[in-house]
Amino acid sequence: MTKYLMSFPSGEMQFAEEDFQTVVDESHAVIQEAKDAGVYVFGGGIDESVPPVMVAHDGTVTEGTYPQTRQLEGGYTVLEIPTREEAVTWAAKIAKACRCPQELRQFGYDPMS
């Protein structure tokens, strides 16, 4: 089966403050559904209060990140699903629960994983 990344920038979640708990509950319900279906691999959000660092081959750590990922934030879900069509279905469920579109990306096949 193929692993798919579903993600969104945190700024895209648009809903009224009074709907916060509903969004949380619906999001958790979709993730539980994915777990129950046996397709859930990982999910979570980037902790935007912790700045990113770069780690070099020798272990040297420097503050910052690649320029193209400077704005990397938001929520991520990885599901392992047999078809892209099913991945689109799951992305739509997550989009509905989170109140924002999901970017869908497919991981390349790694024979060692």
(request) State yes or no: is Val55 more than 15 Å from the chain's Cα centre (by Cα) and among the β-branched types (Val, Ile, Thr)? (result) yes
(message) Could you tell me how many of the residues in segment 56-86 are at pLDDT 95 or above, of a type in the set (A, V, I, L, M), surrounded by 10 or more Cβ atoms within 10 Å (Cβ to Cβ) and farther than 17 Å from Ala29 by Cα?
(response) 1
(message) Give me the residue from segment 23-55 that is of a type in the set (Val, Ile, Thr) and either touching a Leu at 6+ places or on another chain (Cβ under 7 Å) or farther than 24 Å from Leu104 by Cβ (or both) and, out of that set, modelled with the lowest pLDDT.
(response) Ile46
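The values are calculated or read from the model by the stated rules, or taken from the named source; none is laboratory data. All values reported here derive from a predicted model rather than from experimental measurement. Using ideal geometry, Cβ is built from the backbone for each residue, glycine included, and neighbour counts are taken over all protein chains shown.
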